[in-house]
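Scroll down for the structure; my scribbles are underneath it.
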Amino acid sequence: MNKNAGIVGLGVCVPEKILTNFDLEKMVDTSDEWIKTRTGIEQRHIADENTFTSDLASKAAINALEDAGIKPEEVELIIVATITPDMFSPSTACIVQHKIGAVNAAAFDLNAACSGFTYGLTVASQFITSGYYKNALVIGAECLSKITDWKDRNTCVLFGDGAGAVVLKPVDEGRGILSTHLGADGSIGKHLTVPSLALEPQELEKRDPENPRTIWMNGSEVFKFAVKIIADATLAVLEKINLNIHDVDAIVPHQANLRIVDGAAKRLKFDNNKIFTNLQKYGNTSAASIPIALYEAVKSRFIKNDDLIVLVGFGGGLTWSSAVVKWYK
Ligand code: UT7
């Protein structure tokens, strides 16, 4: 019988440098009060000019492998979820493979923005469940500071850099990843964009022409989408295995805004105290936010063995993704 994939190792890496709301007050027309009341964010970690996504991803990966007791050369698959790859090619996953010495692993990147980690978890778990691979490393890693317009107060107060990694292996029935759910709606992708090769006029006009390859977001549209989709994606992934919201011990959502979390909790009629948040310290780290939050939720014993947890992401694409995990490590 096929086995579930379970998370058997966790690791994180965030850059040392901290940028506080008070630092931002000196850079753009904003205030600590505005940022805290509108988002909950108090500070974020920012990579120095010589540190890139693969550096953070590699350190998080090594920590996760140590936690799982697996040697780099035993790793069979590496997926890096990111929208800030070091290069178009090689993929960040290939750079990480080389940096950590995972010489026997297949490696590729996955772009589903802030939903990327749970997308990656879903893809990797198919390889484990089918028996194709015996283990996989799934990493969410970003250097968003490198694509931030530091003159745009609408976005520069929101984002941070970081990486989180997990190791997946087959686990006993009833444990690990029980269900996943993925979705996308490209027709509303225009609300959150980062140009690459194509610099279309409608994208150029929203940005500083001197620095056009930066994040632009229609915050209020993404906000409304996020509140609805967290609730919908949570219910959809539970429904697939005939569970409901009352069965859930904890939710670890993508960390974008405390008001989004509050709105989703109300919609789900779910106790806010059972939703883990740490965006106060890290801001929105896109694909890295769920694995960093999961790591801290486990270390702080917010999540304990045998808890039923839901991971739920939403973001650029627009995309969404969710997973039900029976936690056991
Ligand atoms: O991870 C990917 C998904 N991203 C998200 O989930 C983010 C979703 N969106 C949000 O979290 C919120 O929409 C924001 C935090 C981005 C914005 O909050 P909001 O309550 O939707 O504010 P708003 O965009 O409606 O702006 C309200 C006011 C505006 O001023 P006026 O036009 O009312 O005079 C903005 O110019 O706040 C102003 N504003 C700021 N003021 C001080 C916008 N950014 C700032 C700022 N400091 N940093």
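The values are calculated or read from the model by the stated rules, or taken from the named source; none is laboratory data. Values in this document were obtained by computation on a predicted structure and should not be read as measured data. Glycine also receives a Cβ, built like all others from the backbone with ideal geometry; neighbour counts cover every protein chain displayed.
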Checklist entry - Looking at (1) surrounded by fewer than 21 Cβ atoms within 10 Å (Cβ to Cβ); (2) without any contact (Cβ under 8 Å) to a residue 40 or more places away in the chain; (3) outside any loop (DSSP other than H, G, I, E, B), can you tell me which one Pro170 breaks? => result (2)
Item to check | Output for the stretch 228-247, where each listed residue is within 24 Å of Ser286 (Cα to Cα) and surrounded by fewer than 20 Cβ atoms within 10 Å (Cβ to Cβ) | outcome: Lys228, Asp232, Leu235, Ala236
Item to check | Every residue from the stretch 278-302 that is among the β-branched types (Val, Ile, Thr) and buried (at least 24 other Cβ atoms within 10 Å of the Cβ) | outcome: Thr285, Ile290, Ile292
Checklist entry - Is it fair to say Lys228 is farther than 26 Å from Pro195 by Cα, free of Cβ contacts under 8 Å to residues at least 40 places away in the same chain and more than 20 Å from the chain's Cα centre (by Cα)? => result no
Next on the checklist: Being outside the structural domain of Gly40 (by TED's automatic domain parsing), of a type in the set (Phe, Trp, Tyr) and within 16 Å of the ligand (Cβ to nearest atom) is the requirement here; does Phe314 meet it?
Outcome noted: yes
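A quick yes/no check of all residues on (1) more than 25 Å from Ala57 (Cα to Cα); (2) part of a loop (DSSP other than H, G, I, E, B); (3) not aliphatic (A, V, I, L, M):
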site	(1), (2), (3)
Glu221	yes, no, yes
Phe225	yes, no, yes
Ala233	yes, no, no
Tyr295	no, no, yes
Lys304	yes, yes, yes
Checklist entry - Residues in the stretch 146-162: is at least one under 30 Å from Ile241 (Cβ atoms) and either within 16 Å of the ligand (Cβ to nearest atom) or surrounded by fewer than 21 Cβ atoms within 10 Å (Cβ to Cβ) (or both)? => result no
Checklist outcome for this item: Listed by range, helices (runs of 4 or more DSSP H) wholly within the stretch 1-119 having at least 1 residues that are within 16 Å of the ligand (Cβ to nearest atom) and surrounded by 17 or more Cβ atoms within 10 Å (Cβ to Cβ) are 21-25, 32-39
Checklist outcome for this item: Within the stretch 128-143, residues being of a type outside the set (A, V, I, L, M), outside any strand (DSSP E or B) and under 22 Å from Glu66 (Cβ atoms) number 3
Next on the checklist: Restricting to the stretch 297-322, count the residues that are under 14 Å from Gln255 (Cα atoms) and of a type in the set (Phe, Trp, Tyr).
Outcome noted: 2
Next on the checklist: Only one of Glu239, Glu221, Glu296 is within 16 Å of the ligand (Cβ to nearest atom) and among the acidic types (Asp, Glu). Can you tell me which?
Outcome noted: Glu221
Checklist entry - Right, Thr155: within 15 Å of the chain's Cα centre (by Cα) and outside the structural domain of Gly317 (by TED's automatic domain parsing) or not? => result no
Next on the checklist: closer than 24 Å to Arg175 by Cα and either within 15 Å of the ligand (Cβ to nearest atom) or part of a helix (DSSP H, G or I) (or both): which single residue out of Ile309, Ile251, Ile290 fits that description?
Outcome noted: Ile290
Next on the checklist: Taking the conditions exactly as written (in contact with a Gly (Cβ under 8 Å, 6 or more places away or on another chain) and at negative phi), does Val123 satisfy them or not?
Outcome noted: no
Checklist entry - Quick check, is Lys206 assigned to a loop (DSSP other than H, G, I, E, B) and surrounded by fewer than 18 Cβ atoms within 10 Å (Cβ to Cβ)? => result yes
